[in-house]
1. Check every one of the helices (runs of 4 or more DSSP H) wholly within the range 241-319 and list those with 3 or more residues that are more than 24 Å from the chain's Cα centre (by Cα).
2. Give me the pairs: first residue in the range 158-171 and farther than 14 Å from Ala146 by Cα, second residue open to solvent by 60 Å² or more (accessible area, probe 1.4 Å), beta-carbon distance under 6 Å, and six or more apart or on different chains, which are they?
3. Looking only at the range 168-178, how many residues end up being open to solvent by 30 Å² or more (accessible area, probe 1.4 Å) and not in a loop (DSSP other than H, G, I, E, B)?
4. Quick check on this structure: which one of Arg309, Arg275 is closer than 23 Å to Gln176 by Cα, more than 8 Å from the ligand (Cβ to nearest atom) and out of contact with any strand residue (DSSP E or B) (no Cβ under 9 Å at 6 or more places or on another chain)?
5. Which condition does Gln219 not pass, out of (1) in contact (Cβ under 8 Å) with a residue 12 or more places away in the chain; (2) in a loop (DSSP other than H, G, I, E, B), if it passes all the others?
6. Which count do you get for residues in the range 191-202 that are outside any loop (DSSP other than H, G, I, E, B) and more than 13 Å from the ligand (Cβ to nearest atom)?
7. Name the one entry in Gly243, Gly288 that is more than 15 Å from the ligand (Cβ to nearest atom) and not polar (S, T, N, Q).
Amino acid sequence: MKKRALGSSGIELPELTLGTWLTFSTSNQELANGLVEAVFDAGINAFDTADVYGMGDGERALAIALSGYPRDSYFLASKVFFPMSDAPEDRGLSKKHIFKSIDNSLSRLNTDYLDLYQCHRFDSDIPLEETIEAMGVLISSGKIRAWGTSVWAPQQLQQAQKVAQALGVPGPVSEQPRYNILCPEPEREVFPVCEALGLGVLTWSPLAQGFLTGKYSEQTSQPKASRASHPKPQGVFLQNALGNPEAFKKVEALKEIARGIGVSLPALAIAWCLRRREVTTVLIGASGIDQLKENLQAVSVDWSEGLERAISKVTAGPLLEL
Ligand code: NDP
C-alpha cells in the first residue's frame with residue numbers, strides 16, 4: 001500500500017484508512033476483528049474513529065480488534081465535538097469537554113495516546129483560542145501527537161492557524177471533509193486552502209454511504225442488509241441521494257464507465273478520490289469482508305486522462321442538492 005504525507009506534519013499515512021462509523025460495534029466484534037485483520041493484510045495500518053460512534057462502543061470494538069497488534073504498529077485517530085450525553089457541558093470544543101473526552105477515548109481505546117485528535121465540527125460557541133490551547137496541553141502531555149479538524153470552513157482553518165501561531169501552540173495538521181463523486185465541492189476551496197496551509201486531507205464517505213456502489217434502486221425497495229434499510233437510518237446524505245433522480249442518473253453513467261474499464265463501481269469511486277494529490281488518505285467503510293476486498297481494488301485502478309474526461313462529464317453542471 002502506497003503512503004502519502006499528511007501535509008507538512010511529517011506523518012505518513014497509507015492511501016486508504018479504515019473508518020469505523022456504523023460498522024464497528026462490540027455486538028458484532030467478529031466483523032470488527034475481521035476487518036482489522038484484512039486491512040493489516042493489505043498493508044493498511046491506519047484507523048479513524050470518534051467518541052460519538054455508537055456512543056463509545058465503536059472505540060471499544062476497535063480497541064478489542066487492535067489488541068493483538070503493538071501500539072506503535074498503527075496510526076489511530078479519533079474525534080471530539082458531538083454530545084456524549086444530555087448534559088450541556090458534555091459536548092463541543094470547550095477545554096472542559098476536550099479534557100474529559102480525551103481521557104474517555106484513551107480509556108475506551110486502551111491506549112496512552114492518539115496519533116491524531118480531530119475536532120469533529122467547528123464550535124461557534126467556544127473561543128477558538130480555548131480549543132487550541134486545550135489541544136496544545138494534550139500535545140505537551142503526550143496524550144495526542146497532533147490535532148486536526150473535520151468539516152471546518154476554509155476561513156476557519158486559516159483562522160485556526162493564525163490563532164495557533166499567536167499562542168505558540170501547534171496548529172491543526174489535517175482537515176477531514178466529505179468527498180465523493182457526487183460531492184466534489186472540497187476541490188473548489190477546501191483543497192487549495194489545505195495545500196496552502198500545509199494540512200493533510202482525510203476524506204470521508206467515498207461511496208456516498210453506499211449509494212456509489214450502484215446497489216440502490218429508484219424503483220424498488222432498498223436491499224434489506226444495507227445502510228438505507230437500517231431501522232434508524234443515519235446519514236442524511238444517503239437519504240437525500242435516494243430521493244434525488246439526478247443522483248441515480250449519475251450512478252448509471254458511472255456504472256457504464258466502470259464496466260468499460262473492467263472494475264467495480266466502488267473501486268472506481270474510491271480511485272476517483274485518490275486521484276487528487278491533496279488527498280492524503282481516503283477513509284473507507286465496509287459492513288463485510290467481501291465489501292472491503294472489493295473496495296481495496298481501488299488502489300490498482302490506473303487513473304488516465306480518458307477516465308478523468310469521462311467522469312468530468314458526469315460531475316459537470318450544478319452541484320446536486322444533497
Ligand atoms: P462509504 O461512503 O464508503 O460507505 C460505507 C458503506 O457503504 C458500508 O458500510 C456499506 O454499507 C456500503 N458499502 C461499502 N462498500 C460496499 C460494496 N463494495 N458493496 C456494497 N456496499 C458497500 O463510507 P462511510 O460513510 O462509512 O465513511 C467512511 C469513514 O469516514 C467512516 O467510517 C468514518 O471513519 C469517516 N466519517 C467521518 C465523518 C465526519 O463527519 N468526519 C462522517 C462520516 C464518515 P451497507 O452494507 O450497510 O449498505
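The values are calculated or read from the model by the stated rules, or taken from the named source; none is laboratory data. Since this is a predicted model, take the numbers as computed values, not measurements. Glycine gets a Cβ as well: all are built from the backbone with ideal geometry, and neighbour counts include every protein chain shown. To get the accessible areas, we keep the full protein, side chains included, count just its heavy atoms, and leave off ligands, DNA and RNA. Shrake-Rupley method; radii C 1.70, N 1.55, O 1.52, S 1.80 Å.
1. Hits in the range 241-319: 245-261, 305-315.
2. Val163/Glu129
3. Within the range 168-178, residues that are open to solvent by 30 Å² or more (accessible area, probe 1.4 Å) and not in a loop (DSSP other than H, G, I, E, B) number 1.
4. Testing whether each residue is closer than 23 Å to Gln176 by Cα, more than 8 Å from the ligand (Cβ to nearest atom) and out of contact with any strand residue (DSSP E or B) (no Cβ under 9 Å at 6 or more places or on another chain) leaves just Arg275.
5. Unmet condition: (1).
6. 8
7. Gly243
Residues checked against (1) open to solvent by less than 70 Å² (accessible area, probe 1.4 Å); (2) under 26 Å from Val193 (Cα atoms):
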site: Leu274; (1), (2): yes, yes
site: Arg277; (1), (2): no, yes
site: Gly285; (1), (2): yes, no
site: Gln297; (1), (2): no, no
site: Glu305; (1), (2): no, yes
site: Arg309; (1), (2): no, yes
site: Ser312; (1), (2): yes, yes
